[in-house]
1. Once you compute Rg and the Kirkwood Rh from C-alpha atoms, what is the Rg to Rh ratio for the range B:131-181?
2. Let a ≥ b ≥ c be the square roots of the eigenvalues of the Cα gyration tensor of the range A:207-336; is it rounded (a/c under 1.5), or, if not, prolate (a/b larger than b/c) or oblate?
3. Hey, fewest Cβ within 10 Å first, where do B:PHE120, B:PHE194 land in order?
4. Taking the alpha carbon gyration tensor of the range A:144-219, what are the square roots of 5 times its eigenvalues, largest first, to the nearest whole Å?
5. How large are Rg and Dmax for the range A:67-128 when calculated on the C-alpha trace, in angstrom?
6. About its Cα centre, how strong a charge dipole does chain A have in debye, to the nearest 20, once Lys and Arg get +1 and Asp and Glu get -1 at the Cβ?
7. Could you tell me what fraction of 2.2 N^0.38 Å the Cα radius of gyration of chain B comes to, as a two-decimal ratio?
8. If you split all Cα-Cα distances of the range A:1-157 into 5 Å bins from zero, what percentages do you get per bin, shortest first?
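Coordinate-derived values only; no laboratory data. What you see is a predicted model; the values in this text were computed from it and never measured. Here the Cβ is made from the backbone with ideal geometry for all residues, glycine too, and neighbour counts use every protein chain on show.
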Amino acid sequence: MSYQVTVEPTGDVFEVEEGQTLLDAALRQGIWLPFACGHGTCGTCKVQVLEGDADVGAASPFALMDMERDEGVVLACCALPESDLVIEADVDVDPDFSGYPIEDYQATVVAMEDLSPTIKGVRLQLDRPMQFQEGQYVNLNLPGVEGTRAFSIANSCADAGYIDLHVRLVPGGKGTSWIHQSMHTGDELKISGPYGQFFVRKSDDKDVIFIVGGSGLSSALSMIQGMLETGDTRQIFLFQGARNLVELYKREVLTALAEQYSNFHYIPALSEVSEAEQWNGFCGFVHEAANSHFDGRLAGHKAYLCGPPPMIDAAITMLMQGRVFEADIHMEKFLTASDGAKADSRSALFKRI
Amino acid sequence: MVAKKLNLKDKYSLLTRDLDWDYDYADRKEAFPYEDFEGIKITDWSKWEDPFRLTMDSYWKYQAEKEKKLYAIFDAFAQNNGHLNVTDARYVNALKIFLTGVSPLEYQAYQGYAHVGRQFSGAGARIACQLQSIDELRHVQTQIHAMSHYNKFFDGLQDWTHMHDRVWYLSVTKSFFDDARSAGPFEFLIAISFSFEYVLTNLLFVPFMSGAAHNGDMATCTFGFSAQSDEARHMTLGLEIIKFLLEQHEDNVPIVQKWIDKWFWRGTRLLSIVAMMMDYMLPNKVMSWKEAWEVYFEDAGGALFKDLARYGIRMPKFVETTAKEKEHISHQTWWIFYNYGHAAAFHTWIPSEEELDWLSEKYPDTFDKYYRPRWELAREMEERGERFYTQELPQLCTTCQIPMAFTEMDDPTMISYRASDYEGEKYHFCSDGCKHIFDQEPEKFSQSWLPVNQIYQGNCGGPGVEDVLRDYYKINLGHDNMDFNGSPDEQRWNAWKGTEKDAKNKDAKDKDKDVA
């Protein structure tokens with residue numbers, strides 16, 4: 001049995017298992033809530049329950065006063081949901097967040113292509129246009145697969161009646177295996193969206209660095225196309241990482257964009273180049289490509305990262321050593337079911353990264 | 001029409017940072033004279049992220065509720081003679097150390113935050129410090145009230161402010177905070193908010209509060225929970241200050257690293273007293289010091305320093321020494337106090353057979369080999385009527401002010417001795433960590449007020465040790481000091497509990513009448 005918790009004012013949604021605390025569930029699903037002690041004595045993680053019921057758990061009477069209990073305040077680190085909940089937390093809404101409503105859509109698979117040996121492109125037509133911000137994601141209900149699977153939208157919102165996805169085959173992954181092996185054009189799916197806090201911060205005028213790996217290119221492609229199509233004049237740098245040349249997909253499209261727009265710069269990097277491949281570009285990891293391009297001095301940029309957790313981790317370290325910090329680092333981790341299980345214990349130093 | 005309710009962020013901003021003003025006829029630098037001299041570079045105070053958003057109106061509302069609840073429990077505790085419910089009178093000696101050694105630090109924290117809360121030109125940082133300052137004042141007051149009940153029935157609690165300023169082992173805690181408060185405002189925050197309140201706070205609070213809870217001390221346990229509910233603000237301020245300094249300018253990184261190195265080591269030395277309390281002074285044990293160190297520093301601190309590494313901050317200097325010290329430090333510290341038990345305002349004792357077994361189990365690699373034989377010898381001597389007290393005054397470490405009795409961690413039979421020369425004088429240290437701290441700031445630490453040196457220089461009365469203890473420290477000789485065995489505390493306890501018949505001490509009778 002699990003419950004769904006919606007966080008106001010951001011609209012983030014996460015699932016809580018029976019007996020699991022709100023804080024534990026939120027942090028494991030990448031949603032930051034304020035916290036400090038983690039065991040009910042400090043009160044940093046106070047949230048207001050707006051709808052639904054929750055057991056306050058082992059909250060200290062000094063950290064959660066009686067008058068607060070009467071008003072439906074709980075400590076996220078102790079509270080156990082007893083129904084679906086809407087909570088209000090002391091988290092800021094990003095001024096660039098549009099907050100488009102999350103709705104259910106009926107989608108039809110209208111095109112599929114092999115982008116690389118491991119990544120498939122899927123084009124879905126929706127029963128009605130979805131309003132979204134480039135960088136956000138959708139959840140797919142796949143036949144025979146329990147739960148939903150999240151994929152980033154790869155197209156700009158110029159064609160809102162469609163959703164493009166880039167799906168990497170996860171070895172042993174039920175959802176991606178089904179898409180790679182059993183999905184056909186004409187299939188119908190239920191999808192919902194848009195989700196997520198990954199989108200272009202348009203109110204900030206800093207130049208932009210994208211660092212992407214694998215199918216993480218999807219959200220970056222959507223964001224970059226959106227920026228270029230709307231006449232954004234910031235300098236935009238895209239660092240795309242892949243193992244080898246065949247995995248470096250969409251290279252022609254991106255090279256053409258770089259020729260068309262003088263403010264867009266495309267820097268691909270290959271980490272396992274073989275002798276046979278004709279490669280004049282950067283050899284090494286994608287974060288090293290970015291570091292080398294800026295000679296270790298990246299201050300004054302906004303960075304958007306999307307890809308697998310080790311790439312994100314290496315990129316954050318590189319960025320911070322180059323003096324780009326949390327407030328200017330935005331990311332979408334492409335987690336698989338196996339990544340979630342081995343979450344490390346982490347400190348409260350960072351909120352979002 | 002109903003007015004739209006401001007959200008927390010807007011409300012906080014209007015009621016706090018917005019109350020700051022620009023300086024048009026005064027020089028901002030003159031108004032905040034301490035902001036520059038540490039070498040810290042702040043390029044943009046507006047980047048300070050408020051670690052908590054609490055306006056004064058809600059602050060008073062919440063704190064008043066906490067106080068009502070807390071004092072109701074204190075009253076109930078006193079009316080029910082709550083002191084009779086503690087596991088054993090030996091436990092109260094931990095409270096004596098807390099009240100004389102730690103509660104005055106809460107007061108120093110109140111003063112320190114009030115001071116730095118004036119010295120930052122950024123309004124966000126000023127407000128965070130001012131609120132913490134008020135919290136700290138509340139903490140010292142609640143601690144005094146929690147322990148005032150014990151003062152009616154036990155020795156050694158009667159003159160704690162006086163003792164804090166003078167007594168040799170209390171200078172360990174006092175000088176720690178004096179050092180922080182006489183540093184610049186940014187170092188103060190890294191020392192207290194970050195290194196102490198964030199990195200090491202659980203090692204101080206968990207032992208004391210769980211210790212109280214495990215030993216039937218409801219008053220102390222409750223004030224602990226009440227204080228913990230304020231700690232959130234203090235911990236988040238510690239996190240914000242370090243992020244803010246590291247992000248403001250790259251030149252700040254080596255300065256912050258130097259402070260982390262210094263205050264981590266200063267903190268571990270201060271905590272050696274907590275270590276001995278956990279392993280030796282609690283009749284009902286919570287966990288061993290070694291276990292506490294592993295959980296609260298090695299695991300939790302490890303995750304923190306992994307994150308800090310992204311800023312180019314490494315683990316504190318000498319952290320590898322602490323991994324060895326956790327096996328030894330509590331035993332060596334209790335041994336120091338056992339040796340000097342005649343000069344302390346609390347009691348010491350030899351662990352019981354059961355306690356020795358517990359220590360053997362918790363410290364399989366060191367206790368039987370190095371420490372158990374020592375306690376067994378002390379017991380034999382005591383049984384022969386030869387309980388000994390070391391009569392010589394000890395040499396003190398110039399930095400941490402603890403007697404120089406810690407050993408080399410790779411050779412626990414050899415006293416660790418380090419020295420530095422500065423302006424023709426020789427200074428002595430208990431460890432590489434303490435020597436390193438001195439060498440960084442010899443002009444500061446060469447002025448240390450070292451209790452033993454001061455006694456020998458004749459600045460503490462005398463001429464004999466007893467004169468100093470009685471007249472200068474105001475220790476009530478024969479009551480506050482010496483072994484727990486045979487102490488008035490023990491005799492009164494036995495009389496109250498009806499456990500021994502020889503509780504005929506006159507003094508015990510005097511105090512007894514309050515309880516009857």
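1. Values: Rg = 12.8 Å, Rh = 12.5 Å.
Over the Cα atoms of the range B:131-181, Rg/Rh equals 1.03.
2. Working: a/c = 1.43, a/b = 1.10, b/c = 1.30.
Here the range A:207-336 falls in the rounded category.
3. Details: B:PHE120 23, B:PHE194 26.
Fewest to most other Cβ atoms nearby, the residues stand as B:PHE120, B:PHE194.
4. Working: eigenvalues 146, 48, 26 Å².
Over the Cα atoms of the range A:144-219, the ellipsoid semi-axes are 27, 16, 11 Å.
5. Expressed in Å, the Cα Rg and Dmax of the range A:67-128 come to 20.7, 60.
6. Working: 25 positive and 50 negative charges, 220 e Å.
In total the dipole reaches around 1060 debye.
7. On the way: Rg = 24.0 Å, N = 516, 2.2 N^0.38 = 23.6 Å.
That works out to 1.02 for chain B.
8. Percent of Cα pairs in each bin: 2, 8, 15, 18, 15, 12, 11, 8, 6, 3, 2, 1.
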